[in-house]
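Okay, so here's the structure we're looking at.
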Amino acid sequence: MPSEKLFLDLVKQKNKNLTKSEKLVVDYILKNKEHSSYISAGKISENVGVGESTVVRLAQSLGYANFSQMKSSMQEEFINHQLNKRMEQVNQTIDKNNILFHSMNADVSNIQQTLDNINTYDFEAVVHLLGKAANIYSLGYRSSIADAHYLGVSLKKMLGNTFPITSNGVMLDHCLQTADEECVIVAFSFPRYTKQTIEIADYLKRNNKVNLVSITDSIKSPLVEISDYVFIASSNSFGPLYSHVSSMTLINALVASVGQKYPERVEKNLNMEEEDVANRRIFYL
């Protein structure tokens, strides 16, 4: 099938040949564009009330090789241009003379929404997991590089066994080869959900049996269905890009909680860190 053929084009072209059940699936997809672009065929069939084979057959009826190819086409059409759409919506709804107020208040709201959504039992369980883990890897690509790096470096100073993975290389290879059920992966992914992050997290969960903790923006995130623990960090913004303020705030809370729960271990590692930077004369002060 030519790559330029997108989902809506094919629906319009082949609509008269679709069965009633297949049209129900199309109707659901069009009413839930972003959500349906990331969930499985089984989940779509469950939501629509048809058999999973109907969803798979729809993909074939539209000319796709399989459901996976149809889902990629849907993501291309429904998701890839959402940044421009967000900017257009923002320009239509806010007072351009008071963007500072709107933007900072949006982040205050993001933090509050994130706090409201956190299950404190899950949060404490994750802090416990981090403390007993053989190794911790913080995973994030593209827009989530800063999140993964910040958590990784912070916990490295405090616990000594944390490694940020923000690009391909030796650290990723080491994680893929050696991480196991005694290790924790903390994965960050925000729209448009970098494929590499999802694929790495999924591989490590299925094959290495790691403990997977995800920090993402929505239940429609592909990380949700493969994670042991999920924290939803609200990312609304008045700009074309998503805000990571609540994610960073959540990281601060995790770091603070680790410091409180494991004070002797953290103090020992921080003293070693201070001794090292003093010997190397890294800072002016």
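The values are calculated or read from the model by the stated rules, or taken from the named source; none is laboratory data. No experiment lies behind these values; they were computed from the predicted model shown. Here the Cβ is made from the backbone with ideal geometry for all residues, glycine too, and neighbour counts use every protein chain on show.
Does any residue of region 132-144 turn out to be more than 19 Å from Lys261 (Cα to Cα), within 19 Å of the chain's Cα centre (by Cα) and free of Cβ contacts under 8 Å to residues at least 12 places away in the same chain? It would help to see each step written out before you state the result.
Of all residues in region 132-144, those more than 19 Å from Lys261 (Cα to Cα) come to 137-144.
Subset that is within 19 Å of the chain's Cα centre (by Cα): 137-144.
Then drop every residue that is not free of Cβ contacts under 8 Å to residues at least 12 places away in the same chain, which leaves none.
No.
Within region 244-280, take every residue that is closer than 17 Å to Ile118 by Cβ and of a type in the set (S, T, N, Q) and give me the one that is surrounded by the most Cβ atoms within 10 Å (Cβ to Cβ).
Filtering region 244-280 for residues that are closer than 17 Å to Ile118 by Cβ and of a type in the set (S, T, N, Q), the one surrounded by the most Cβ atoms within 10 Å (Cβ to Cβ) comes out as Ser247.
Assess whether Val210 counts as being touching a Cys at 6+ places or on another chain (Cβ under 7 Å), assigned by TED's automatic domain parsing to the domain that holds Tyr150 and touching a residue at least 24 places away in the same chain (Cβ under 8 Å). Explain how you work it out, then say what you get.
Values: touching a Cys at 6+ places or on another chain (Cβ under 7 Å): yes; assigned by TED's automatic domain parsing to the domain that holds Tyr150: yes; touching a residue at least 24 places away in the same chain (Cβ under 8 Å): yes.
The answer is yes for Val210.
In region 202-243, what residues are buried (at least 16 other Cβ atoms within 10 Å of the Cβ) and among the aromatic types (Phe, Trp, Tyr)?
Passing the criteria: Tyr229, Phe231, Phe238, Tyr242.
Go through region 63-72 and give me each residue that's in contact (Cβ under 8 Å) with a residue 60 or more places away in the chain, more than 13 Å from Val26 (Cβ to Cβ) and assigned to a helix (DSSP H, G or I).
Gln69
Please state which of the following conditions Phe190 fails to meet, knowing it meets all the rest: (1) crowded, with 22+ Cβ neighbours inside 10 Å; (2) of a type in the set (Phe, Trp, Tyr); (3) under 26 Å from Leu270 (Cβ atoms).
(3)
Across region 213-249, what is the total count of residues that are assigned to a helix (DSSP H, G or I), modelled with pLDDT of 90 or more and touching a strand residue (DSSP E or B) at 6+ places or on another chain (Cβ under 6 Å)?
Summing the residues that are assigned to a helix (DSSP H, G or I), modelled with pLDDT of 90 or more and touching a strand residue (DSSP E or B) at 6+ places or on another chain (Cβ under 6 Å) in region 213-249 gives 1.
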